[in-house]
1. Quick check on this structure: which one of L480, L521, L469 is hydrophobic (A, V, I, L, M, F, W, C), more than 30 Å from S424 (Cβ to Cβ), surrounded by 16 or more Cβ atoms within 10 Å (Cβ to Cβ) and modelled with pLDDT of 85 or more?
2. As an exercise: evaluate T93 against (1) in a helix (DSSP H, G or I); (2) among the β-branched types (V, I, T); (3) closer than 26 Å to S144 by Cα and give the number of the one condition it does not meet.
3. Could you give me the residue pairs with C-beta distances under 6 Å whose first residue belongs to segment 644-661 and is farther than 10 Å from Y673 by Cβ and in the same structural domain as Y742 (by TED's automatic domain parsing), whose second residue is in a helix (DSSP H, G or I) and not β-branched (V, I, T) wherever it lies, and which are 6+ apart or on separate chains?
4. So which residues in segment 114-140 are on the phi > 0 side of the Ramachandran plot and out of contact with any Asp or Glu (no Cβ under 7 Å at 6 or more places or on another chain), if there are any at all?
5. Kindly list the number of the only condition in (1) surrounded by fewer than 20 Cβ atoms within 10 Å (Cβ to Cβ); (2) within 30 Å of the chain's Cα centre (by Cα); (3) within 17 Å of M740 (Cα to Cα); (4) not small (G, A, S) that fails for K641.
6. Which pairs turn up if I take residues in segment 701-724 that are more than 20 Å from E393 (Cα to Cα) and look for partners that are surrounded by fewer than 19 Cβ atoms within 10 Å (Cβ to Cβ) and of a type outside the set (A, V, I, L, M) with beta carbon separation below 7 Å, at least 6 apart in sequence or on another chain?
7. Restricting to segment 285-306, what's the tally of residues that are of a type outside the set (A, V, I, L, M) and in contact (Cβ under 8 Å) with a residue 12 or more places away in the chain?
8. Do you know which residues across segment 604-640 are in contact with an Asp or Glu (Cβ under 7 Å, 6 or more places away or on another chain) and among the acidic types (D, E)?
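The values are calculated or read from the model by the stated rules, or taken from the named source; none is laboratory data. Note that the coordinates shown come from a computational prediction; the quantities given were computed from them, not determined experimentally. With ideal geometry, Cβ positions are generated from the backbone for all residues, glycine too; neighbour counts draw on all protein chains shown.
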Amino acid sequence: MKKSDFVHLHVHSEYSLLDGACRVDDLVKTAEQMHMPALALTDHGNLFGVIDFYQKAMGRKIRPIIGYEAYVAPGSRFERDAKGMKDAAYHLTLLARNAQGYKNLMKLATAAYLEGFYYRPRIDKELLAKHAEGLIGLSGCLKSEMSVLCVNGHVKEAADVAGQYAAMFGPGHFYVELQNNDMAEQKKCMAGLLEVAKRTGLPTVATNDIHYMHSDDAKAHEVLLCINTGKTLEDEKRMKFSTGEFFFKSDEQMKELFRDHPEAIQNTLRIAEMCHVEMEFGRKLLPRFNVPEGTTPAEYLRKLCYEGAARRYGQITDEVRQRLEYELKVIEQTGFVAYFLIVWDFIRFARERGIPATGRGSGAGSIVAYVLDITNIDPVRYGLLFERFLNAERISMPDLDIDFCADAREQVIQYVRQKYGEKSVARIITFGTMMARGAIRDVGRALGIPLAEVDQIAKKIPKELGITLAEALKRQETGLKEACDQNPRGKELFDMAMWLEGLCRNMSVHAAGVVIADGELTDFVPLALVQNNKVVVTQFDGETLSDKVGMLKMDFLGVRTLTVINKALALIKQTQGKDVNLDAIPLDDKPTFELLTRGDVEGLFQLEKSEGMRDLIRRLKATNFDDLVPVLALYRPGPLKSGMVDQFIERRHGRAPIEYVHPSLEPLLKDTYGVILYQEQVMRTASALGGFTLNQADSLRKAMGKKIPEIMAGYRDQFVTGAVKNRIPQATATQIFDLMEYFAGYGFNKSHSAAYAVLSYHTAYL
C-alpha cells in the first residue's frame, strides 16, 4: 500500500486540557489507517502525553514527532503587564529533530511554567534562542506573532520576525506555517504569510491545527470549550472556533486545500524525515547513594541487613540466612541495591526524629525490607512471597508504599530534597478525567439545561468507581434510559457526555507521589506548576515515570492513623509514665480480640469502614493476629458478591466441610479453609503443582488479572503439563487451573493485607 505523501505536524490531544479532544489511541490509529508515515503531537504548553504517544506510534510503525505548541511572551517571560490572556502570549509550533531537540523541549516546557507562567506557561525569544538546537520551528496558527501581524497588514514586520526565528533555528529549520480552515481572518493571514515567505525565501508548510478527530465532532468540541470557560453554547461572546474544519483530514483533503501550494504539502514529509527522536525505555535511573568509603553499595546493604536481622531475630537461623542471601542476590542482579538504601535512609531519618513510618504493599514480602525496618511484618513467619514484590524474570521498578504520620510527612520529603538536591526531587502530576456523572453535569451546564433536569439523569448513574455511561445505560434497574427519554434534550445530553467521557479534565498533584532523579530532573522529564502555581510537579504521571522512563518514584503517604497512634503513645507516657513499644507487644492479646469480636471497631484502622465490616469481624471471631489478616482481604466487593465470605466463615467454624479438588492443595490452602483468598496462594499453587518457578508464577498471577485469552491459553497448557508430571490427572489439573483463574479475580495481596492488619491491631490494642 502506497504511503501517504502528507504528514500532520500540528496536532492537539486531550492533553491540551479542555481544548484538544483527540485521544492518543485514536490519533495513531487514524494515521495508520490513512497510511501516514509519521505524525506529530503538539499540545498547548506541555509535554504531558509525549511518552504515551511515542510508544503507541512506534507500536503501529508510525514515526512519532515530538512537538510542543509554545506560548511566547511578547517581551520578557518575566513581565506580567499584558492586559489579559489574549495579549499574554503568541503561539509557536516546535518540533524535536533529535535527542538534543527533545531535551531542549523539556527545558523550554519547564521554564515556561517555573519562570514564565502568566495566564499560560510562557517562554520568550531569549529562552528559545538558548534552547533552539535540535528543533524545527513552524511559525504557528492564527494566534502566532507572524499571523497577528499579517492579519493587521504588517507584512514587513512579520517578515522581520520570520528572520529572527530563522536565525534562531538555523538554515532549513524554520518554516512559514500555512493553514486553510475557511476562516475569514485565516484567508487574509495566509495571503500575508505567502508574501512573507516570498520576501524571506523561507519554505512553507501546510498544517490543520487538529483539535478533534472527525468533522461531525465540531459541536462536541464547542461544548468542551464551554466547559473550559464556564460558558454556555447560547453565549455569543464565548470562546469558539468559527468553523468546523479543525479535524484529522486525509492527505487528499489537505492536498485539495493546498492545491495551489504543493510545496507546502511536500515539506511535511521533508520535516518528518528530519525528525528522529529515539526514546530508551526499561532503564533504571536510580539516584546514586553515597556509602562509607572503602565499601560498595551492595556490601553496605548486606552489612545493614545482617545487623538488622540480628536485631529482629536475635539468633539468625538457616532459614532466615537463606532467605536473606536469596533476596540480596536478586536485588543485586536486578540493579536495585540503591533503591533499598534510599528507602532505608529516609525511613531511618523519620524514626530518628520520632516520625512514625512504615512500609506496606507487596514490599512486606521482603525480608530485606523487614530487617531494614522499612516494614514491620515478618515475611518468614507469615509466609509472604518476595517474588510478589520483585520478580527477577520480569524486572520492573519495586513499588514500596511508605506511610508516614500525616502531620510530619512534609519533613521527610524536605529531607529527601536536601539530600538529593532541589533540582532532583519533585512531586508527581496526576490527571483528573471526565467520569460518568461529572460528564453529564459538565455537558448539561454547557448546553444550558437546568440543573434540576440534569440531576434527574445524573443521579440515575450508580455510584460505582470506574462505571461508564455505557455500562450504566445497560442496567435496566437504574432507570437511566427512561430518564433520558423523558427529557427532550436527554439524548443530546447523554450522547455528548459519552463523547467527552474519559477525556482529561484537569491536572493536579498526586496525593503521595515523589520522584527522585539521578541528576537534574529536566534531563529526563519536564516540570509544571499546580495548586495556584505553588507546587512543582513532573509533566509525566507516576506510571510513565516508573514503568517507562525508569525513574525512582516513591509514594510518601500521609496516614492520619499513624498520627493518632503517635499522640496516643505520647498520652500514655504523659498520664501513666509508660513507654509502649508497639513492635514488642503480644499479637494474641486476649482483651484486644474480645474488643474486636464485640465489633467495637470505631476508630480502628481499616475496620471502622461500615456496618458490614463490623458484622464480618463479629462473625469471624478472631482470636489471634493470623485471624485478623484475612479480614482485610475478605471485605472487598469481589469476595462479598461471590459468596466467598460466607464460605470462609462457615468452614472456619466447622459448619461446612473443607474440601479440596486434590489433596496436594491442602497444605497450600489449609490456613484459609480451602478458599483461594490470596494472590500468593495462586502463585504457590502454580509452583507446587504446575512446576512454575515463583517468578513465573508471579507472571501468571499478573496475566490472570489482565485476562488476555491467548496468554492465558499458554499458561494453562504449561500448568496442566507440569501438574500431570506431578501425577495429577489432566482433568483435575484443568479444574485446578480454572479455580485459580476464577479466584485470581478476587485474590488479594497477602503482604498488603498483613501490613494493614498490623496497623489495625495496633489501634485496637491501644
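1. L469
2. Result: T93 passes all but (1).
3. Once the first residue is farther than 10 Å from Y673 by Cβ and in the same structural domain as Y742 (by TED's automatic domain parsing) and sits in segment 644-661, its partners that are in a helix (DSSP H, G or I) and not β-branched (V, I, T) give V645/L634; V645/P639; Y660/E666; V661/Q735.
4. Passing the criteria: Y119, G134.
5. (3)
6. These pairs meet every condition: V720/Q730; V720/T734; V724/Q730.
7. Just the residues of segment 285-306 that are of a type outside the set (A, V, I, L, M), to begin with: 287-290, 292-297, 299-300, 302-303, 305-306.
From what's left, in contact (Cβ under 8 Å) with a residue 12 or more places away in the chain: 287-289, 297, 300, 302, 305-306.
Residues flagged as of a type outside the set (A, V, I, L, M) and in contact (Cβ under 8 Å) with a residue 12 or more places away in the chain within segment 285-306 amount to 8.
8. Once the filter is applied, which keeps residues that are in contact with an Asp or Glu (Cβ under 7 Å, 6 or more places away or on another chain) and among the acidic types (D, E), segment 604-640 yields only E608.
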